[in-house]
Amino acid sequence: MSRSTKLFETYKLGPITLANRLVMAPLTRNRAAPGTFVPSPLAADYYGQRASAGLLITEASQVSQQGQGYQDTPGIYSKDQVAGWRKVTDKVHERGGKIFIQLWHVGRISHVDLQANGAAPVAPSAIRAKGKTFVNGTFADVSEPRALELSEIPGIIDDFKRATSNALEAGFDGVEIHGANGYLLEQFAKDGTNKRTDAYGGSIENRAKLMLDISKAVVTEAGADRTGIRISPVTPANDISDSNPQALYDHIVDGLSALKLVYLHVVEGATGGPRDIAPFNYASLRKRFSGAYMANNGYDFDLATKVLDAGAADLIAFGKPFISNPDLVERLKKGATLNDWDKNTFYGGGAKGYTDYPTLEAAEAAE
């Protein structure tokens, strides 16, 4: 019995047609090769297994060594990394899937052991985050950051631009800018972390500037119709806060809409936590944005169906269910039971808890 819902309808996203409206959200898995940060050979299997999703968004991938905040996360700044990602995109395309890469700079959520010559991580202001990062095989307090000089900001914008060009060379269908979850772009946007007094600090317009400048640079490289962005207006993730998120994000989304980005990927509520953590009008963002609205955070089949039917979103991103269900789309279509995920294998390791979750077909055959 197949369940009929908008979730399984095709969707035209810019120049590409998605097989359905289910998106695999970006999920950090910490399995890239240590030292080179090239995606593991298993990554091609992992993403290939999940190619029935309408769109796959890769785990966040740093645009430079400075942008790295956790051990063994993949990069998109070296030739070897591009070659490693090419194997992933080839496998996904072979299986009829579409895939965007998420471009990342963590800013202050990093550790001196991940930075070149043990340098301090960078941030809009020298305020240390209360929080941990995964480094040297364990969770450690994040390091004290230093404030970026105004003269350094163009270099970071260039890093995103170069990463975009690398992503296209690696065969990605597009890129997603990571503007969420307390990382660099959000650190600049929110007044809890940005105490600057220059062109990138103070007013909402100034704090939003880095996110919009980077979006503009990425668009010049990939085209607006292959550029998406992820935001998280009220998440407390990585010790982030803002005194007036509605005004801030209404302004940001107006700017993103003017750039004609193909989608807006919104973490509604606390990342991986309660959806109702703080009052926020997401409908206001949907109304202001000309492209597709991708909803994320705690969605299941029923909530996804309800939100799509109400016209409150165009695409729905699922996270953890995709970790343990390579064939999530088929399972949801049939109303089949989902595999449980194993938290112990989320970060780091090999095939276990990565590429060895059974499909429905394999599970039934084994019975």
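Where a number appears in this text, it was derived from the coordinates with a stated rule and is not lab data. Nothing here was measured: the structure is a model prediction, and the numbers come from that model. Here Cβ is always computed from backbone atoms with ideal geometry, including for glycine, and neighbour counts include all displayed protein chains.
Below are the figures for this structure:
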item: Label-zone membership for the stretch 70-112, site LYS130, 7 angstrom Cα→C-beta point, backbone N under 17 Å; result: 109
item: Separation in nanometres of the label points that stand 7 Å from Cα toward Cβ, at GLU94 and GLU367; result: 3.1 nm
item: Segment THR138-LEU150, length gained on full extension (0.36 nm per residue, minus Cα span); result: 1.0 nm
item: Coarse-grained scattering of the stretch 1-74 at q = 0.16, 0.19, 0.25 Å⁻¹, given as base-10 log I(q)/I(0) from a Debye sum over alpha-carbon atoms; result: -0.69, -0.84, -1.09
item: Separation between Cα centres of the stretch 109-128 and the stretch 278-347, rounded to whole Å; result: 33 Å
item: Over the stretch 287-367, relative contact order from alpha-carbon pairs under 8 Å, at least 6 apart, %; result: 24 percent
item: More than 13 Å apart - percent of Cα-Cα pairs taken over the stretch 167-211; result: 55 percent
item: Net charge contributed by nearby residues that have their C-beta within less than 14 Å of ALA119 (K/R +1, D/E -1); result: -2
item: Largest-first ellipsoid semi-axes for the chain, taking √(5λ) over the Cα gyration tensor eigenvalues, angstrom; result: 30, 24, 19
item: Those residues of the stretch 90-107 whose amide nitrogen sits under 17 Å from the label point placed on ASP198, 7 Å along Cα→Cβ; result: 107
item: Shape call, the stretch 228-289: gyration tensor on alpha carbons, a/c limit 1.5; result: prolate
item: FRET efficiency, 1/(1 + (r/R0)^6) with R0 56 Å, evaluated for LYS334 and ASN117 via beta carbons; result: 0.55
item: Rel. contact order, % - alpha carbon contacts under 8 angstrom, at least six apart, the chain; result: 17 percent
item: Of LYS216/LYS260; LYS12/LYS260; LYS87/LYS333; LYS87/LYS161; LYS306/LYS333; LYS320/LYS352, pairs whose Cα-Cα distance is over 18 Å; result: LYS87/LYS333; LYS87/LYS161
item: Cα-derived Rg over Rh, computed across the stretch 194-305 with Rh taken as Kirkwood radius; result: 0.97
item: Sites ASN281 and LYS343 - FRET efficiency at Förster radius 30 Å, r taken between beta-carbons, to 0.05; result: 0.35
item: Summed side-chain charge close to THR359 - residues other than THR359 whose Cβ falls under 10 Å, Lys, Arg +1, Asp, Glu -1; result: -3
